[in-house]
1. Find, to one decimal place in angstroms, the Kirkwood hydrodynamic radius of the stretch 232-304, where the mean of 1/r is taken over every pair of different Cα atoms and then inverted.
2. For the stretch 145-235, state which trypsin sites (Lys or Arg not before Pro) are in a DSSP loop and have at most 13 other beta carbons lying within 10 Å of their beta carbon.
3. Could you tell me the extents of the stretch 202-260's C-alpha atoms along the three principal axes, largest first, rounded to whole Å?
4. Summing +1 for each Lys or Arg and -1 for each Asp or Glu, what net charge is found among the other residues whose Cβ lies under 14 Å from the Cβ of Arg261?
5. What does the helix-only formula give at 222 nm for the chain: each DSSP H stretch with n ≥ 4 adding -39500 (n - 2.57), the total divided by the residues, and the result rounded to the nearest 500 deg cm²/dmol?
6. What ranking of Glu285, Glu260, Glu193, Glu290 comes out by heavy-atom accessible area, probe 1.4 Å, highest first?
7. What trypsin sites (Lys or Arg not before Pro) does the stretch 1-81 have in DSSP loop regions with at most 14 other beta carbons within 10 Å?
8. Mind pulling up the Rg/Rh value for the stretch 150-229? Radius of gyration and Kirkwood radius, both on Cα.
Amino acid sequence: MKLLIDKLTKTYQNGQSAGSIRALNGVSLTIEPGLFGLLGPNGAGKSSLMRTIATLQLPDEGRVVLQDVDGQDIDAVRQPDELRRVLGYLPQDFGVYPRIDAITLLNHLAVLKGIHNRAERKETVETLLHRVNLWDVRKNNLSGYSGGMRQRFGIAQALLGNPKLIIVDEPTAGLDPTERNRFLNLLAGLGQEAIVILSTHIVEDVQELCRRMAIVNKGQVLLTGHPLEAMARLKGQIWKKSVRPQDVELMQQMHTVINERMIAGEPVIYVYAPSMPGYGFVPVEAGLEEVYFTEITGARNHNRSRPIETASVA
């Protein structure tokens, strides 16, 4: 089974001017079963891509095709209803009815998903509530759920019908560390059964969970591949240095600064350079965060057309 995303383009008209916004610019990806991380800053085009895959909007150009193991292709543009039957979707803003308890609402959503047999629906709902660890609070109104509990309920509804393709958009944003870890463990289990696309701007989520990923910005794919391979490619090319606050701007002019952090009240700059960029710099073992900032800042423009594994960019 594979999800083929081929040269997707999507443009929105700007309501405040005569111009337009190109949200997707020839995006092409091949995604296989397991957890696939989609990294990018806010406004990079991640949500537009997710909505297009989920058949919530049509692309201007391109196609999305789910290839099943039996050779059957489902075209998301031409066969949206067919894709929805095998799709589970947790959008970034997942709304619930606050005055309804979890088991009642999930049962209602199961009916909408097409599970009409009462016995089958009862078994499905109860199994899912156990799976997302909400069984003990199944009769509580959703208004009393924490953010993490609501996200776990969101995953439960996304799993109705045993989907082959699961999309989760910014699922851990705003969660406390305990709920985030619980939710990530839940996602890790899902990747054993289906294609799971995790769209996020949180680098740690992808580094901890995903064997495959893509970095996108301004509607384009900048890099695809395995996180560890991406990190290995930057070996010996990331450097850091503590500087005085008044020297930060000068350092930015002199070097390819990819990130700046405050450590113990002092700014520390992180620089991309094939060799030591100057006095006082020390090498940094590149993590996925350094990969992310290197790509997003365009520090390696000459390498953007050569990703870890070929990413088609129009």
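The values are calculated or read from the model by the stated rules, or taken from the named source; none is laboratory data. Just so we're clear, the structure is a prediction, and the values are computed from it rather than from any experiment. Ideal geometry is used to build each Cβ from the backbone, glycine not excepted, and the neighbour counts take in all protein chains shown. Areas reflect the complete protein model, heavy atoms only, side chains present, ligands, DNA and RNA absent. Shrake-Rupley method; radii C 1.70, N 1.55, O 1.52, S 1.80 Å.
1. 12.4
2. Working: sites: Arg150, Arg152, Lys164, Arg180, Arg182, Arg211, Arg212, Lys218, Arg233, Lys235; in loops: Lys164, Arg211, Lys218, Lys235.
Loop-located and lightly packed - Lys235.
3. Taking the Cα atoms of the stretch 202-260, the three principal extents are 40, 26, 19 Å.
4. Residues close to Arg261 contribute a combined charge of -2.
5. On the way: 10 runs with 94 residues, N = 314.
Computed mean residue ellipticity for the chain: -8500 deg cm²/dmol.
6. I get Glu285, Glu193, Glu260, Glu290, largest accessible area first.
7. Passing sites in the stretch 1-81 are Arg78.
8. 0.96
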